[in-house]
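The values are calculated or read from the model by the stated rules, or taken from the named source; none is laboratory data. Predicted, not measured: the structure shown is a model, and the values here were computed from it. Quick reminder, even Gly has a Cβ in these numbers, built from the backbone with ideal geometry, and neighbours come from all protein chains shown.
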Amino acid sequence: MKADALRGHLDGLLLATLDGRQLHGYAIIEALQQRSGGAVDLPTGTVYPALRRLERAGHVRSDWSTVGGRQRRTYRLTQSGMRTLHDERRAWREFTSAIEGVLGSEAAAPV
């Protein structure tokens with residue numbers, strides 16, 4: 001999937017991936033790949049700045065942990081992030097419904 005196709009939806013994708021979970025950055029990337037059937041394959045240079053931006057906005061919180069002797073920053077949703085995710089999901093449903101009304105129909109109305 002082209003990165004341009006995801007423009008405007010990255011925050012929602014990251015928040016949804018963290019919904020109910022606490023993950024480190026690479027695990028977020030892997031979860032996005034898995035949940036999308038491999039269609040969403042984002043580089044670390046896209047994901048980590050977005051996570052920092054979401055943290056500055058108060059939507060995610062990060063903590064350092066040690067896993068296998070390595071320091072990792074793990075992320076989780078805040079209350080603000082949960083509200084934002086709810087809003088993102090609602091907006092996505094409205095958007096896909098509208099687009100489906102146009103693209104989903106094989107027969108176009110006569111002009």
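Brief remarks follow.
- For segment 92-100, the count of residues that are within 24 Å of Y48 (Cβ to Cβ) and modelled with pLDDT of 95 or more is zero.
- The criterion of being within 14 Å of L13 (Cβ to Cβ) and either hydrophobic (A, V, I, L, M, F, W, C) or touching a helix residue (DSSP H, G or I) at 6+ places or on another chain (Cβ under 7 Å) (or both) holds for L77.
- Those residues of segment 40-73 which are over 17 Å from Q22 (Cα atoms) and either among the aliphatic types (A, V, I, L, M) or within 12 Å of the chain's Cα centre (by Cα) (or both), in sequence order: V40, D41, L42, T46, A57
- In segment 13-106, counting only helices (runs of 4 or more DSSP H) that sit wholly within it, the ones holding 3 or more residues that are surrounded by 11 or more Cβ atoms within 10 Å (Cβ to Cβ) and in contact (Cβ under 8 Å) with a residue 40 or more places away in the chain span 44-56, 79-103.
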